[in-house]
(Lines give C-alpha, C1' and ligand atoms only; values in the text may rest on other atoms or scores of the structure.)
Protein backbone atom coordinates (compact mmCIF):
# COMPACT_ATOMS: atom_id res chain seq x y z
CA UNK A 1 0.00 0.00 0.00
CA UNK A 2 1.60 3.24 -1.02
CA UNK A 3 2.35 5.66 1.76
CA UNK A 4 0.33 8.84 1.93
CA UNK A 5 2.21 12.02 1.12
CA UNK A 6 3.15 14.00 4.18
CA UNK A 7 1.26 17.22 4.81
CA UNK A 8 3.68 20.14 4.74
CA UNK A 9 3.03 23.77 5.32
CA UNK A 10 2.91 26.03 2.27
CA UNK A 11 6.08 28.12 2.04
CA UNK A 12 5.51 31.78 2.70
CA UNK A 13 5.33 34.11 -0.25
CA UNK A 14 8.42 36.22 -0.86
CA UNK A 15 6.57 39.52 -0.40
CA UNK A 16 5.27 38.39 2.99
CA UNK A 17 8.73 38.16 4.55
CA UNK A 18 9.13 41.89 5.48
CA UNK A 19 5.71 41.95 7.21
CA UNK A 20 7.11 40.62 10.50
CA UNK A 21 9.65 43.43 11.08
CA UNK A 22 7.08 45.97 9.84
CA UNK A 23 4.59 44.71 12.38
CA UNK A 24 7.25 44.97 15.10
CA UNK A 25 7.93 48.58 14.07
CA UNK A 26 4.19 49.33 14.17
CA UNK A 27 3.86 47.92 17.70
CA UNK A 28 6.87 49.92 18.89
CA UNK A 29 5.48 53.14 17.39
CA UNK A 30 2.08 52.53 18.98
CA UNK A 31 3.78 52.14 22.35
CA UNK A 32 5.35 55.57 21.79
CA UNK A 33 2.16 57.16 20.45
CA UNK A 34 0.07 56.18 23.46
CA UNK A 35 1.87 58.47 25.92
CA UNK A 36 2.20 61.10 23.18
CA UNK A 37 -1.59 61.50 23.09
CA UNK A 38 -1.70 62.82 26.68
CA UNK A 39 1.24 65.26 26.54
CA UNK A 40 0.39 68.90 27.28
CA UNK A 41 2.26 72.05 28.18
CA UNK A 42 3.27 72.47 31.81
CA UNK A 43 0.44 73.85 33.90
CA UNK A 44 -2.27 72.94 31.39
CA UNK A 45 -4.79 70.14 31.41
CA UNK A 46 -5.77 67.96 28.45
CA UNK A 47 -8.88 69.58 26.93
CA UNK A 48 -9.91 66.46 24.97
CA UNK A 49 -10.39 62.83 26.00
CA UNK A 50 -7.29 60.65 25.74
CA UNK A 51 -8.87 57.67 23.99
CA UNK A 52 -9.49 59.30 20.51
CA UNK A 53 -5.76 59.96 20.26
CA UNK A 54 -5.01 56.33 21.13
CA UNK A 55 -7.45 55.10 18.46
CA UNK A 56 -5.95 57.37 15.82
CA UNK A 57 -2.46 56.24 16.80
CA UNK A 58 -3.53 52.58 16.52
CA UNK A 59 -4.96 53.14 13.02
CA UNK A 60 -1.80 54.95 11.91
CA UNK A 61 0.47 52.24 13.24
CA UNK A 62 -1.62 49.46 11.72
CA UNK A 63 -1.30 51.09 8.29
CA UNK A 64 2.49 50.86 8.53
CA UNK A 65 2.33 47.10 7.99
CA UNK A 66 1.72 47.76 4.26
CA UNK A 67 4.21 50.62 3.91
CA UNK A 68 6.54 48.70 1.57
CA UNK A 69 4.09 47.62 -1.12
CA UNK A 70 1.65 50.55 -0.73
CA UNK A 71 3.71 53.58 0.38
CA UNK A 72 1.28 56.21 -0.96
CA UNK A 73 -1.72 54.64 0.74
CA UNK A 74 0.21 54.38 4.00
CA UNK A 75 1.12 58.07 3.86
CA UNK A 76 -2.53 58.96 3.17
CA UNK A 77 -3.84 56.99 6.17
CA UNK A 78 -1.22 58.26 8.60
CA UNK A 79 -1.67 61.81 7.30
CA UNK A 80 -5.45 61.74 7.83
CA UNK A 81 -4.95 60.43 11.37
CA UNK A 82 -2.40 63.17 12.13
CA UNK A 83 -4.73 65.89 10.78
CA UNK A 84 -7.62 64.47 12.84
CA UNK A 85 -5.47 64.49 15.98
CA UNK A 86 -4.44 68.09 15.34
CA UNK A 87 -8.05 69.13 14.68
CA UNK A 88 -9.15 67.53 17.97
CA UNK A 89 -6.64 69.71 19.84
CA UNK A 90 -3.82 67.26 20.53
CA UNK A 91 -0.29 68.59 20.76
CA UNK A 92 1.57 67.41 17.62
CA UNK A 93 4.71 66.05 19.21
CA UNK A 94 7.21 63.76 17.53
CA UNK A 95 5.51 60.81 19.27
CA UNK A 96 2.20 61.46 17.52
CA UNK A 97 3.88 62.24 14.21
CA UNK A 98 6.12 59.15 14.32
CA UNK A 99 3.80 56.95 12.13
CA UNK A 100 3.58 59.68 9.48
CA UNK A 101 7.35 60.17 9.62
CA UNK A 102 7.99 56.46 8.98
CA UNK A 103 5.44 56.47 6.15
CA UNK A 104 7.14 59.47 4.48
CA UNK A 105 10.54 57.79 4.82
CA UNK A 106 9.23 54.63 3.13
CA UNK A 107 7.66 56.73 0.36
CA UNK A 108 10.94 58.58 -0.28
CA UNK A 109 12.82 55.25 -0.50
CA UNK A 110 10.32 53.65 -2.87
CA UNK A 111 9.55 56.58 -5.22
CA UNK A 112 11.28 59.50 -6.88
CA UNK A 113 12.27 62.77 -5.25
CA UNK A 114 9.45 64.79 -6.79
CA UNK A 115 6.75 62.47 -5.44
CA UNK A 116 8.29 62.37 -1.96
CA UNK A 117 8.66 66.15 -1.78
CA UNK A 118 5.12 66.71 -3.01
CA UNK A 119 3.62 64.46 -0.32
CA UNK A 120 5.85 65.92 2.40
CA UNK A 121 5.09 69.56 1.56
CA UNK A 122 1.37 68.83 1.32
CA UNK A 123 1.37 67.18 4.75
CA UNK A 124 3.33 70.08 6.25
CA UNK A 125 1.01 72.72 4.80
CA UNK A 126 -2.17 71.02 5.96
CA UNK A 127 -0.86 70.16 9.43
CA UNK A 128 0.51 73.67 10.01
CA UNK A 129 -2.79 75.22 8.90
CA UNK A 130 -4.79 72.84 11.08
CA UNK A 131 -2.54 73.55 14.07
CA UNK A 132 -2.94 77.29 13.64
CA UNK A 133 -6.73 77.12 13.70
CA UNK A 134 -7.46 74.13 15.98
CA UNK A 135 -4.27 73.50 17.93
CA UNK A 136 -3.83 73.89 21.67
CA UNK A 137 -4.37 77.46 22.83
CA UNK A 138 -1.15 77.78 24.79
CA UNK A 139 1.17 76.37 22.09
CA UNK A 140 3.69 78.97 20.84
CA UNK A 141 3.36 80.03 17.24
CA UNK A 142 6.97 79.07 16.50
CA UNK A 143 6.28 75.45 17.53
CA UNK A 144 3.13 75.35 15.42
CA UNK A 145 5.12 76.44 12.36
CA UNK A 146 8.50 74.79 12.82
CA UNK A 147 7.54 71.59 14.66
CA UNK A 148 5.66 69.73 11.89
CA UNK A 149 7.95 71.19 9.25
CA UNK A 150 11.16 69.92 10.82
CA UNK A 151 9.81 66.53 11.85
CA UNK A 152 8.35 65.74 8.41
CA UNK A 153 11.21 67.08 6.27
CA UNK A 154 13.74 64.98 8.18
CA UNK A 155 12.43 61.50 7.23
CA UNK A 156 11.78 62.65 3.66
CA UNK A 157 15.40 63.77 3.29
CA UNK A 158 16.74 60.60 4.91
CA UNK A 159 14.62 58.41 2.62
CA UNK A 160 15.83 60.27 -0.47
CA UNK A 161 19.46 59.89 0.61
CA UNK A 162 18.91 56.16 1.25
CA UNK A 163 17.36 55.66 -2.18
CA UNK A 164 20.16 57.57 -3.93
CA UNK A 165 22.80 55.59 -2.07
CA UNK A 166 21.15 52.30 -3.00
CA UNK A 167 20.97 53.42 -6.65
CA UNK A 168 24.65 54.39 -6.51
CA UNK A 169 25.65 51.01 -5.08
CA UNK A 170 23.59 49.24 -7.75
CA UNK A 171 25.32 51.29 -10.44
CA UNK A 172 28.74 50.49 -9.00
CA UNK A 173 27.91 46.80 -8.90
CA UNK A 174 26.61 46.91 -12.47
CA UNK A 175 29.81 48.62 -13.64
CA UNK A 176 31.91 46.04 -11.80
CA UNK A 177 29.99 43.18 -13.41
CA UNK A 178 30.29 44.82 -16.82
CA UNK A 179 34.02 45.34 -16.31
CA UNK A 180 34.43 41.69 -15.26
CA UNK A 181 32.46 40.55 -18.28
CA UNK A 182 34.59 42.79 -20.52
CA UNK A 183 37.80 41.37 -19.02
CA UNK A 184 36.59 37.82 -19.65
CA UNK A 185 35.68 38.65 -23.25
CA UNK A 186 39.05 40.33 -23.77
CA UNK A 187 40.83 37.31 -22.30
CA UNK A 188 38.91 34.98 -24.61
CA UNK A 189 39.72 37.20 -27.58
CA UNK A 190 43.41 37.23 -26.72
CA UNK A 191 43.43 33.44 -26.35
CA UNK A 192 41.75 33.06 -29.74
CA UNK A 193 44.24 35.42 -31.38
CA UNK A 194 47.16 33.58 -29.80
CA UNK A 195 45.82 30.23 -31.00
CA UNK A 196 45.45 31.61 -34.54
CA UNK A 197 48.98 33.00 -34.44
CA UNK A 198 50.48 29.71 -33.27
CA UNK A 199 48.38 27.82 -35.84
CA UNK A 200 49.79 30.05 -38.60
CA UNK A 201 53.34 29.50 -37.36
CA UNK A 202 52.88 25.73 -37.22
CA UNK A 203 51.35 25.72 -40.69
CA UNK A 204 54.22 27.74 -42.17
CA UNK A 205 56.94 25.71 -40.47
CA UNK A 206 55.46 22.29 -41.15
CA UNK A 207 54.40 23.02 -44.74
CA UNK A 208 57.71 24.60 -45.71
CA UNK A 209 60.06 22.03 -44.22
CA UNK A 210 58.01 18.95 -45.04
CA UNK A 211 57.66 20.00 -48.67
CA UNK A 212 61.41 20.54 -48.94
CA UNK A 213 62.14 17.30 -47.13
CA UNK A 214 59.82 15.37 -49.42
CA UNK A 215 61.33 16.83 -52.58
CA UNK A 216 64.87 16.27 -51.35
CA UNK A 217 64.09 12.69 -50.38
CA UNK A 218 62.65 12.08 -53.85
CA UNK A 219 65.74 13.57 -55.45
CA UNK A 220 67.97 11.32 -53.33
CA UNK A 221 66.03 8.28 -54.49
CA UNK A 222 66.43 9.31 -58.14
CA UNK A 223 70.12 10.16 -58.01
CA UNK A 224 71.34 7.41 -55.69
CA UNK A 225 71.95 4.68 -58.32
CA UNK A 226 73.69 6.81 -60.97
CA UNK A 227 75.04 9.85 -59.07
CA UNK A 228 75.97 8.88 -55.51
CA UNK A 229 77.88 12.13 -54.95
CA UNK A 230 74.79 14.22 -55.77
CA UNK A 231 72.67 11.91 -53.60
CA UNK A 232 75.09 12.44 -50.71
CA UNK A 233 74.83 16.21 -51.10
CA UNK A 234 71.04 16.05 -51.19
CA UNK A 235 71.08 13.81 -48.12
CA UNK A 236 73.08 16.45 -46.26
CA UNK A 237 70.58 19.09 -47.37
CA UNK A 238 67.75 16.86 -46.16
CA UNK A 239 69.42 16.53 -42.78
CA UNK A 240 69.73 20.30 -42.53
CA UNK A 241 66.08 20.75 -43.52
CA UNK A 242 64.82 18.37 -40.85
CA UNK A 243 67.08 19.93 -38.23
CA UNK A 244 65.81 23.40 -39.12
CA UNK A 245 62.23 22.13 -38.93
CA UNK A 246 62.85 20.70 -35.47
CA UNK A 247 64.38 23.98 -34.27
CA UNK A 248 61.43 26.07 -35.48
CA UNK A 249 58.89 23.61 -34.12
CA UNK A 250 60.65 23.64 -30.76
CA UNK A 251 60.61 27.45 -30.71
CA UNK A 252 56.92 27.59 -31.65
CA UNK A 253 55.76 24.90 -29.25
CA UNK A 254 57.90 26.48 -26.56
CA UNK A 255 55.53 29.44 -26.57
CA UNK A 256 52.82 27.14 -25.26
CA UNK A 257 55.00 26.04 -22.34
CA UNK A 258 56.00 29.51 -21.18
CA UNK A 259 53.85 31.53 -18.79
CA UNK A 260 53.36 35.26 -19.10
CA UNK A 261 52.79 37.57 -22.00
CA UNK A 262 53.02 36.22 -25.51
CA UNK A 263 55.42 38.97 -26.52
CA UNK A 264 57.80 38.09 -23.71
CA UNK A 265 57.55 34.43 -24.65
CA UNK A 266 58.40 35.22 -28.24
CA UNK A 267 61.52 37.14 -27.24
CA UNK A 268 62.61 34.41 -24.85
CA UNK A 269 62.93 31.73 -27.57
CA UNK A 270 65.16 31.46 -30.63
CA UNK A 271 65.76 34.56 -32.78
CA UNK A 272 62.74 35.57 -34.80
CA UNK A 273 63.32 35.27 -38.58
CA UNK A 274 62.99 38.36 -40.73
CA UNK A 275 63.86 39.91 -44.07
CA UNK A 276 67.59 39.64 -43.28
CA UNK A 277 67.26 35.83 -43.42
CA UNK A 278 65.58 35.70 -46.84
CA UNK A 279 68.87 34.74 -48.57
CA UNK A 280 69.08 31.63 -46.39
CA UNK A 281 65.43 30.89 -47.12
CA UNK A 282 66.02 31.22 -50.87
CA UNK A 283 69.04 28.93 -50.70
CA UNK A 284 67.02 26.26 -48.92
CA UNK A 285 64.84 25.84 -52.01
CA UNK A 286 67.75 24.94 -54.31
CA UNK A 287 67.68 21.37 -53.11
CA UNK A 288 64.02 21.20 -54.13
CA UNK A 289 64.85 22.32 -57.68
CA UNK A 290 63.65 25.94 -57.33
CA UNK A 291 66.01 28.78 -58.16
CA UNK A 292 64.99 31.88 -56.15
CA UNK A 293 66.26 35.36 -57.05
CA UNK A 294 66.20 38.19 -54.50
CA UNK A 295 65.99 41.86 -55.51
CA UNK A 296 65.89 44.87 -53.21
CA UNK A 297 64.95 48.38 -54.33
CA UNK A 298 64.85 51.62 -52.39
CA UNK A 299 66.37 52.66 -49.09
CA UNK A 300 65.60 50.02 -46.40
CA UNK A 301 63.52 51.46 -43.59
CA UNK A 302 62.97 50.25 -40.03
CA UNK A 303 60.36 47.55 -39.48
CA UNK A 304 58.72 46.38 -36.30
CA UNK A 305 59.51 42.80 -35.31
CA UNK A 306 55.93 41.84 -36.19
CA UNK A 307 56.10 43.29 -39.70
CA UNK A 308 59.57 41.82 -40.23
CA UNK A 309 58.38 38.35 -39.27
CA UNK A 310 55.21 38.80 -41.34
CA UNK A 311 57.19 39.59 -44.48
CA UNK A 312 59.44 36.57 -43.94
CA UNK A 313 56.55 34.16 -43.31
CA UNK A 314 54.60 35.38 -46.34
CA UNK A 315 57.62 34.90 -48.61
CA UNK A 316 58.20 31.48 -47.07
CA UNK A 317 54.60 30.40 -47.64
CA UNK A 318 54.51 31.84 -51.18
CA UNK A 319 57.69 29.98 -52.19
CA UNK A 320 56.41 26.80 -50.56
CA UNK A 321 53.22 27.05 -52.61
CA UNK A 322 55.33 27.56 -55.74
CA UNK A 323 57.23 24.38 -54.97
CA UNK A 324 54.08 22.38 -54.25
CA UNK A 325 51.65 23.59 -56.89
CA UNK A 326 53.25 25.65 -59.65
CA UNK A 327 55.74 23.24 -61.15
CA UNK A 328 58.07 26.21 -61.61
CA UNK A 329 61.84 26.15 -61.90
CA UNK A 330 62.49 29.79 -61.04
CA UNK A 331 60.93 32.37 -58.72
CA UNK A 332 61.69 35.98 -57.89
CA UNK A 333 61.32 37.84 -54.60
CA UNK A 334 61.25 41.61 -55.07
CA UNK A 335 61.49 43.87 -52.01
CA UNK A 336 60.70 47.54 -52.60
CA UNK A 337 60.93 50.30 -49.97
CA UNK A 338 58.80 53.31 -50.97
CA UNK A 339 58.12 56.09 -48.49
CA UNK A 340 56.32 54.58 -45.52
CA UNK A 341 55.43 51.29 -47.21
CA UNK A 342 57.21 48.00 -47.85
CA UNK A 343 56.13 46.00 -50.90
CA UNK A 344 57.16 42.34 -51.19
CA UNK A 345 56.35 40.60 -54.48
CA UNK A 346 56.84 36.87 -55.12
CA UNK A 347 56.44 35.71 -58.72
CA UNK A 348 57.08 32.42 -60.52
CA UNK A 349 57.12 31.16 -64.09
CA UNK A 350 55.00 28.06 -63.51
CA UNK A 351 51.39 27.20 -64.23
CA UNK A 352 50.13 27.99 -60.70
CA UNK A 353 47.46 25.30 -61.08
CA UNK A 354 46.74 23.03 -58.10
CA UNK A 355 47.67 19.46 -58.80
CA UNK A 356 44.84 17.99 -56.77
CA UNK A 357 41.89 19.03 -54.62
CA UNK A 358 43.94 18.42 -51.52
CA UNK A 359 46.69 20.62 -52.82
CA UNK A 360 44.20 23.32 -53.57
CA UNK A 361 42.90 23.21 -50.06
CA UNK A 362 46.39 23.46 -48.66
CA UNK A 363 47.14 26.45 -50.82
CA UNK A 364 43.89 28.03 -49.71
CA UNK A 365 44.86 27.75 -46.06
CA UNK A 366 48.25 29.19 -46.88
CA UNK A 367 46.75 32.19 -48.66
CA UNK A 368 44.32 32.69 -45.77
CA UNK A 369 47.23 32.68 -43.32
CA UNK A 370 49.15 35.21 -45.43
CA UNK A 371 46.20 37.59 -45.45
CA UNK A 372 45.69 37.20 -41.69
CA UNK A 373 49.36 37.92 -41.05
CA UNK A 374 49.30 41.01 -43.24
CA UNK A 375 46.19 42.38 -41.51
CA UNK A 376 47.74 41.82 -38.08
CA UNK A 377 50.71 43.99 -39.15
CA UNK A 378 48.50 46.71 -40.69
CA UNK A 379 49.05 45.65 -44.31
CA UNK A 380 47.36 43.65 -47.03
CA UNK A 381 48.00 40.80 -49.49
CA UNK A 382 46.73 40.26 -53.00
CA UNK A 383 47.42 37.20 -55.12
CA UNK A 384 46.48 35.97 -58.58
CA UNK A 385 47.59 34.75 -61.97
CA UNK A 386 49.94 36.88 -64.04
CA UNK A 387 48.85 37.89 -67.53
CA UNK A 388 52.02 36.42 -69.01
CA UNK A 389 51.83 33.18 -67.04
CA UNK A 390 52.75 32.12 -63.57
CA UNK A 391 51.46 33.39 -60.24
CA UNK A 392 52.08 36.51 -58.20
CA UNK A 393 51.74 37.34 -54.49
CA UNK A 394 52.05 41.01 -53.53
CA UNK A 395 52.32 42.10 -49.90
CA UNK A 396 52.20 45.69 -48.66
CA UNK A 397 53.26 46.46 -45.09
CA UNK A 398 53.67 49.78 -43.25
CA UNK A 399 57.10 51.01 -42.22
CA UNK A 400 57.42 52.32 -38.65
CA UNK A 401 60.16 54.31 -37.00
CA UNK A 402 61.49 52.76 -33.86
CA UNK A 403 63.54 49.88 -32.65
CA UNK A 404 63.58 46.89 -34.91
CA UNK A 405 63.93 44.53 -31.99
CA UNK A 406 60.64 45.49 -30.34
CA UNK A 407 58.45 42.52 -29.70
CA UNK A 408 55.32 42.23 -31.76
CA UNK A 409 54.39 38.69 -32.66
CA UNK A 410 52.65 38.32 -35.96
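For the range 290-343, what are the residues that are surrounded by fewer than 17 Cβ atoms within 10 Å (Cβ to Cβ) and in a loop (DSSP other than H, G, I, E, B)?
Those that are surrounded by fewer than 17 Cβ atoms within 10 Å (Cβ to Cβ) and in a loop (DSSP other than H, G, I, E, B): 298, 299, 300, 301, 302, 327, 329, 339, 340.
From the list 65, 54, 94, exactly one residue is at pLDDT below 90 and closer than 17 Å to residue 150 by Cβ. Which is it? Give the derivation first.
On the way: 65 fails: closer than 17 Å to residue 150 by Cβ; 54 fails: closer than 17 Å to residue 150 by Cβ.
None of the other options fit; the residue is 94.
Let's see how each residue does on (1) modelled with pLDDT under 50; (2) surrounded by 18 or more Cβ atoms within 10 Å (Cβ to Cβ):
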| position | (1), (2) |
| --- | --- |
| 346 | no, yes |
| 359 | yes, no |
| 362 | yes, yes |
| 378 | no, no |
| 389 | no, no |
| 395 | no, yes |
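Assigned to a helix (DSSP H, G or I), modelled with pLDDT under 85, farther than 20 Å from residue 157 by Cβ and more than 45 Å from the chain's Cα centre (by Cα): is that true of residue 26 in this structure?
Against the criterion (assigned to a helix (DSSP H, G or I), modelled with pLDDT under 85, farther than 20 Å from residue 157 by Cβ and more than 45 Å from the chain's Cα centre (by Cα)), residue 26 qualifies.
The conditions are (1) more than 22 Å from residue 376 (Cα to Cα); (2) in a helix (DSSP H, G or I); (3) at pLDDT below 85, and residue 279 fails exactly one of them. Which is it?
The one condition residue 279 does not meet is (3).
Can you tell me which residues in the range 45-102 are within 14 Å of residue 31 (Cα to Cα), in contact (Cβ under 8 Å) with a residue 60 or more places away in the chain and surrounded by fewer than 23 Cβ atoms within 10 Å (Cβ to Cβ)?
Within the range 45-102, 95 is the sole residue that qualifies.
Report the residue count in the range 286-314 for those that are in contact (Cβ under 8 Å) with a residue 60 or more places away in the chain and at negative phi.
15
Taking the stated definitions as given, is residue 332 farther than 22 Å from residue 201 by Cβ and either outside the structural domain of residue 194 (by TED's automatic domain parsing) or modelled with pLDDT of 80 or more (or both)? Steps first, answer last, please.
Details: farther than 22 Å from residue 201 by Cβ: yes; either outside the structural domain of residue 194 (by TED's automatic domain parsing) or modelled with pLDDT of 80 or more (or both): yes.
It is true that residue 332 is farther than 22 Å from residue 201 by Cβ and either outside the structural domain of residue 194 (by TED's automatic domain parsing) or modelled with pLDDT of 80 or more (or both).
The values are calculated or read from the model by the stated rules, or taken from the named source; none is laboratory data. Every value quoted in this text rests on a predicted model; they were computed, and no experiment measured them. All Cβ positions, glycine included, derive from the backbone under ideal geometry; neighbour counts span all protein chains shown.
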